[in-house]
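Before any comments, here is the structure.
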Amino acid sequence: MHVYEKLGVRRLINGRSFSTKAGGCALPREVLDAMREAGEYCVRMDELQAAASEVIARATGAEAGIVTSGASAALTLGAAACLARLDVNRMNQLPDTTGMPNEFVTHRVHRNDYDHAVRLAGAKFVEVGFSYYTFSYEVESAITARTAALYYEAGANHGVLPLEKYAAIAHRHGLPVLVDAAPEMPPASNLRSFVAAGADLVAFSGGKHLQGPQATGILCGRRDLILSATLQHQDMDVFPETWPLRSLVESGTVLGPPHHGIGRGFKVGKEEIAGLVTALELYQGRDFAAERARWTADMECVVAGVRDLPGISAHVQYPQPNGREVPSALVRIDSAMAGTNAHAVINALQAGEPPIWVFEKFARSGEIVVFPEALRPGEAATIARRLREALQAER
């Protein structure tokens with residue numbers, strides 16, 4: 001009996017992309033095997049993260065990296081690194097930022113719910129620009145002695161400075177740039193593009209297109225900032241004479257071992273590190289053209305299943321409005337003609353057997369969106385059938 005059956009939990013069809021609340025995606029067999037093998041033995045976690053850093057550096061072009069417990073954790077750790085640098089007294093003080101620079105300059109349009117992860121470390125945002133445009137001088141003028149870093153949300157490109165120009169301004173002032181790139185693959189080239197554009201720290205999700213464990217992420221970038229994040233992340237023995245990283249004290253890099261840092265609650269296990277590293281290595285050899293063709297075929301299957309119904313218009317959308325290179329099935333419901341509405345259909349899909357989850361953000365406007373990335377073979381046809389049944393149920 002499958003573990004979910006033992007627990008009485010229903011397996012669902014995830015047409016919502018790599019959504020956390022829908023369980024992300026099914027992991028590749030190689031990733032599952034790596035996680036199982038990692039669980040068989042104990043290792044020094046600093047050595048395992050150091051090995052992971054080498055893999056991350058090769059894949060991203062960054063100087064170093066760590067595996068985190070998700071992209072949100074990567075943002076908090078990245079912010080903490082920008083705030084404390086290698087000052088262990090500041091590490092011990094966070095999230096209290098009294099007496100230290102704590103402001104993160106950001107484009108006004110780059111504010112969203114996810115930047116709570118940055119504020120969690122003690123950062124305070126200073127917004128610049130407007131929704132339609134931001135000038136370079138606005139960024140320059142916002143930088144003061146209180147500025148700790150600049151923050152950038154990848155994927156929200158309208159009216160903002162290009163990352164290259166934004167990073168150049170930051171670097172003229174000796175400040176790092178932290179980039180939230182959690183969902184920014186595909187394209188696969190984005191794994192390297194943000195570091196190449198001048199970002200000092202980049203946060204990626206490990207459980208999205210990389211197909212790593214759902215509760216993993218990557219923080220990559222400058223070696224000194226990654227070291228700061230690492231020191232605030234791991235469980236640490238605070239005895240200088242036996243601290244595994246005491247060479248950092250001997251070399252004068254830090255005054256001594258910090259206490260348990262702000263990242264203590266974001267610890268990541270050896271199993272997740274092994275799974276993420278394996279997924280990252282697999283990523284280098286994946287056939288993305290074939291993957292996109294399969295996604296498109298799935299979305300065409302969904303659209304074909306409902307486009308002939310009264311009050312329904314449906315088409316495959318590619319790319320997404322924000323430029324993401326992922327097709328989707330966009331189903332618009334004229335409730336007067338169809339006799340039902342998007343919310344009712346979504347609830348029917350979730351309540352059915354098996355449960356089907358779709359993207360509900362635009363339901364108030366009468367739109368249902370299906371994404372293909374987490375679908376297993378044959379599930380698109382099931383979505384098409386169930387979607388048609390739900391649309392006809394009220395007739």
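Every number here is computed from the coordinates shown, using simple stated rules; none is lab data. Keep in mind it's a predicted model, so treat the numbers as computed, not measured. Methodologically, a virtual Cβ is constructed for each residue, glycine included, from the backbone with ideal geometry; neighbour enumeration extends over all protein chains shown.
Modelled spin labels at Y132 and A293, positioned 7 Å past Cα toward Cβ, are 4.5 nm from each other. Given +1 at the Cβ of Lys and Arg, -1 at the Cβ of Asp and Glu and no other charges, the dipole of the chain around its Cα centre is 700 debye to the nearest 20. Counting Lys and Arg as +1 and Asp and Glu as -1 over every other residue whose Cβ lies under 12 Å from the Cβ of T278, the net charge comes to -4. The count of lysine pairs in the chain whose Cα atoms are under 21 Å apart, excluding pairs fewer than 8 places apart on the same chain, comes to 7. Within the chain, DSSP assigns beta bridges of which about 55% are antiparallel (rounded to the nearest 5).
A full extension of the chain between Q317 and E30 corresponds to an added length of 100.1 nm, given 0.36 nm per residue minus the alpha carbon distance. If you take the Cα centroid of the range 224-276 and the Cα centroid of the range 152-189, the two points sit 27 Å apart. Note on Kirkwood radius over Cα pairs in Å: of the candidates (i) 22.6; (ii) 21.6; (iii) 26.1, the value calculated from this structure sits at (i). Assuming R0 = 25 Å, can you tell me the calculated FRET efficiency for the pair S189 and D334, based on Cβ-Cβ distance, to the nearest 0.05? So the FRET efficiency works out to roughly 0.05. Extension gain, D46 to V249: 0.36 nm times the residue separation minus the Cα-Cα distance gives 71.5 nm. Maximal additional length on extending the R11-R307 stretch stands at 103.8 nm, based on 0.36 nm per residue less the C-alpha distance.
Dividing the mean sequence gap of close Cα pairs (under 8 Å, 6+ apart) by how many residues the range 172-256 holds gives a relative contact order of 19 percent.
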